[in-house]
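First comes the structure, then the notes that go with it.
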Amino acid sequence: MTDDAGRADYARVIARAFALYGAPEASTTEHFARLAGVVGPTTQAYLAYRDGRAVAGAILYMAYGVGGIGWVGTLPEEFGRGYGRAVTWAAITEGLRRGARFTNLQASPMGEPMYRRMGFTTATHYRWFLATT
């Protein structure tokens, strides 16, 4: 994905995918309002298409020799067809090509089983600290 049409497709797919978690679509779309948000020296987004329509996406963020995989999402009506796995592998492959020593990601509840099947392991968990009133 290297042009503004792909950027718009990516923003649309990811906004719909993350809406399942309650993320406002307009807010998610704003993260990808410029082409530089999805392609650049340390960033590269990937899309999977079905019948000419974008159905899944993932993004690679390179920093300090680590390939961070993020914003992996699939349109709900396309779940279970391997598109999320395909775009995740594309991002991993590009990270390794760019010299990543390893890749990491933060799994959503729906994504975690797929990542485990791909060979990812859980290195740590986030702790949540909630304010009490």
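The values are calculated or read from the model by the stated rules, or taken from the named source; none is laboratory data. From a predicted model like this one, the values you see are computed outputs, not experimental measurements. Please note: Cβ atoms are built from the backbone with ideal geometry, for glycine as well, and neighbour counts cover all protein chains shown. Ligands, DNA and RNA are stripped out before the accessible areas are found, and what is left, the full protein with its side chains, is counted by its heavy atoms. Shrake-Rupley method; radii C 1.70, N 1.55, O 1.52, S 1.80 Å.
At-a-glance table
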item	result
For the stretch 38-133: accessible area per residue (Å², 1.4 Å)	64 Å²
Sulfur and carbon atoms: percent of accessible area, the chain [1.4 Å]	56 percent
Heavy-atom accessible area order for Asp3, Asp51, largest first, 1.4 Å probe	Asp51, Asp3
Helix-only CD estimate at 222 nm, as mean residue ellipticity for the chain, using -39500 (n - 2.57) per DSSP H run (n ≥ 4)	-10500 deg cm²/dmol
Convex hull per residue volume in Å³, alpha carbons only, for the chain	134 Å³
Test item: Cα-centred dipole of the chain, Lys/Arg +1 and Asp/Glu -1 on Cβ, debye	400 debye
Solvent-accessible surface ranking, highest first, for Met118, Met110 at 1.4 angstrom	Met110, Met118
Computed over the stretch 3-133: relative contact order in percent, which uses C-alpha pairs under 8 Å that are six or more apart	19 percent
Listed residues Ala26, Ala45, Ala91, most fluctuating in the chain (Gaussian network, C-alpha, under 10 Å)	Ala26
Top positive-direction residue, dipole computed over the stretch 6-99 with Cβ charges, set Leu96, Thr43, Phe18	Leu96
Nearest-0.05 FRET efficiency for Trp128 and Thr93, computed from C-beta distance (R0 41 Å)	0.80
Candidates per chymotrypsin sites (Phe, Trp or Tyr not before Pro) in the stretch 1-84, loop by DSSP, up to 11 other Cβ within 10 Å	Tyr21, Tyr64
The stretch 60-133: trypsin sites (Lys or Arg not before Pro) falling in loop per DSSP and having at most 10 other Cβ within 10 Å	Arg101, Arg127
